[in-house]
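First the structure, in the form of structure tokens, and then the observations on it.
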Amino acid sequence: MIMPSRSTRNRAFLLSAALATAGFSGSTLAEELRLITWGGYAPDDVVAQFEEETGIDVKVTLSNNEDMISKLRATGGAGFDLAQPSQDRIVGVQRQFNIYKPIDFSRVNTDQLQPSMVKATQDSTELDGKFYGVPSVWGTSGLIVHSSVADIVTDYTDLCDSGAEGQVSYRLKRPTLIGFAFAMGMDPFAAYDDRDQYESIMAKVQDKLIDCKSNVKTYWTGGDQLLALLRTGEVKAAMAWDAGGWKLNAENPDIRFVAPESGALGWIDTFAIPRRSENEEAAYKWINFVMQPEIAARITNASGNFTASKGADEFVKADLRDAYRASFDEAAINNIKWYPPVPPGLETMEGQVLDRVQAAN
């Protein structure tokens, strides 16, 4: 039997080892992006295209602000590579729990983003000279009204007008407190750093909401519940998100979203990097991918909310774009009250106010 030469055997060994290593790498080192986000922000078709173009698997966990904070706090910022908290829920949380890492804007294609949105997000997420958020999806809460009460309900406190008695709904959540405060001529955001002043504002809002209870059909707790109430006509006016109003408007032109006279309340959901992210590179690739105008428009079409992507409006469904323009003229946009970071302890105070409103007869 003729034995192979030593050089041949060595080449065979090296080739076998290389193939084994490649197989090992492919099975254990496959790239994955673990994304914790809101419903509609990672549509299946967008995820599929990203995976095809990058070779990175995307694992999506649907969540909300409270759940994101809870999960990341429990792990010290581990378990996810990219999160999407709202801009006002980052600085206070970061100061307390250190669950995020600063954004490296050299890795973000900011040319794709609205400059004003980048600035607003940086202003809201700055801590010790570092920024912790990139703007993603934005929207507002205001009023959804039926044409039958459109002349009566033009601001939050108009939900308490006798002409809408028994036909009103809103949540017992902090946006209601904030909206009513602005409609009552106060500025709750300016009082964030003055606990006594803020407590005084909340006391006045509490009294107003207690007086308003007879007008309330029900305090809605979920979006589907509210939409059903408005569809059936049980509720004619509500405080809710713009996306819900635009969805209803597409079904029934008599229902529309209105920016309140005192100003819609604006939020920005961001991209934030958890402190113990295991794949930052994939996180930045996702950010830059989904903020391309045509991709971002698909997120708007899926979620009903617009994004910070520059030029994405051109690719949004026409009916949604038209409903948005009917709700917001330039003055209404300039009057949006953007949520600033929430100081520690403020939500505890607000929760006590809401509990007292709920318990009042």
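Remarks
- Qualifying positions in the range 87-117 - over 17 Å from the mean Cα position of the chain (by Cα) and β-branched (Val, Ile, Thr): ILE99, ILE103, VAL108, THR110
- Subset of the range 155-170 [touching a residue at least 60 places away in the same chain (Cβ under 8 Å), open to solvent by 10 Å² or more (accessible area, probe 1.4 Å) and in contact with a strand residue (DSSP E or B) (Cβ under 7 Å, 6 or more places away or on another chain)]: GLN167
- Filter result (without any contact (Cβ under 8 Å) to a residue 12 or more places away in the chain and either part of a helix (DSSP H, G or I) or under 20 Å from the mean Cα position of the chain (by Cα) (or both)) within the range 289-332: ALA318, ARG321, ASP322, ARG325, GLU330, ALA331
- Every pair of residues 6+ apart whose Cβ atoms lie under 7 Å, when the first sits in the range 176-198 and is farther than 14 Å from GLU347 by Cβ while the second is open to solvent by less than 70 Å² (accessible area, probe 1.4 Å) and among the aromatic types (Phe, Trp, Tyr): GLY179/TYR156; PHE180/TYR156; ALA183/TYR156; ALA191/TYR198
- The set of residues in the range 92-111 being modelled with pLDDT of 95 or more and in contact with a Pro (Cβ under 7 Å, 6 or more places away or on another chain) consists of ILE99, TYR100.
- Filter result for ALA181 (over 24 Å from the mean Cα position of the chain (by Cα), open to solvent by less than 50 Å² (accessible area, probe 1.4 Å) and more than 23 Å from LEU82 (Cβ to Cβ)): no
Listed here are the residues, each with its yes/no results for (1) under 21 Å from SER106 (Cα atoms); (2) among the aromatic types (Phe, Trp, Tyr); (3) open to solvent by 70 Å² or more (accessible area, probe 1.4 Å); (4) out of contact with any Leu (no Cβ under 9 Å at 6 or more places or on another chain).
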site	(1), (2), (3), (4)
PHE257	no, yes, no, no
TRP267	no, yes, no, yes
ILE273	yes, no, no, no
GLY304	no, no, no, no
ALA318	no, no, no, yes
ASP322	no, no, yes, yes
GLU330	no, no, yes, yes
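- Residue within the range 293-300 that is charged (D, E, K, R) and either within 19 Å of MET117 (Cβ to Cβ) or surrounded by 22 or more Cβ atoms within 10 Å (Cβ to Cβ) (or both) present: yes
- Subset of the range 221-250 [touching a residue at least 60 places away in the same chain (Cβ under 8 Å) and acidic (Asp, Glu)]: GLU234, ASP242
Table: residues versus (1) over 19 Å from ILE333 (Cα atoms); (2) open to solvent by 30 Å² or more (accessible area, probe 1.4 Å); (3) touching a Ser or Thr at 6+ places or on another chain (Cβ under 6 Å); (4) part of a helix (DSSP H, G or I).
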site: MET117; (1), (2), (3), (4): no, no, no, yes
site: GLN122; (1), (2), (3), (4): yes, yes, no, yes
site: SER136; (1), (2), (3), (4): no, no, yes, no
site: GLU199; (1), (2), (3), (4): yes, yes, no, yes
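- Any chance TRP286 is part of a loop (DSSP other than H, G, I, E, B), among the aromatic types (Phe, Trp, Tyr) and open to solvent by less than 40 Å² (accessible area, probe 1.4 Å): no
- Residues that are farther than 16 Å from THR176 by Cα, at pLDDT 95 or above, aliphatic (A, V, I, L, M) and not in a strand (DSSP E or B), drawn from the range 215-273: LEU227, ALA228, LEU229, LEU230, VAL235, LEU248
- Screening LEU226 on (1) under 25 Å from the mean Cα position of the chain (by Cα); (2) within 21 Å of ALA360 (Cβ to Cβ) shows it passes everything except condition (2).
Here is a yes/no grid of residues against (1) at pLDDT below 95; (2) touching a strand residue (DSSP E or B) at 6+ places or on another chain (Cβ under 7 Å); (3) surrounded by fewer than 16 Cβ atoms within 10 Å (Cβ to Cβ):
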site	(1), (2), (3)
ARG11	yes, no, yes
ALA18	yes, no, yes
SER25	yes, no, yes
TRP38	no, yes, no
GLU52	no, no, yes
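- Checked against (1) touching a Ser or Thr at 6+ places or on another chain (Cβ under 9 Å); (2) buried (at least 17 other Cβ atoms within 10 Å of the Cβ); (3) not hydroxyl-bearing (Ser, Thr, Tyr), GLY244 passes all but a single condition, namely (1).
- In the set (1) open to solvent by 80 Å² or more (accessible area, probe 1.4 Å); (2) outside any strand (DSSP E or B); (3) in contact (Cβ under 8 Å) with a residue 12 or more places away in the chain, GLU66 fails one condition alone, (3).
The values are calculated or read from the model by the stated rules, or taken from the named source; none is laboratory data. In this text, all values refer to a predicted model and were calculated from it rather than measured experimentally. Reconstructed Cβ throughout: ideal geometry from the backbone, glycine too, with neighbour counts over all protein chains shown. Heads up: the accessible areas ignore ligands, DNA and RNA and are worked out on the full protein's heavy atoms, side chains in. Shrake-Rupley method; radii C 1.70, N 1.55, O 1.52, S 1.80 Å.
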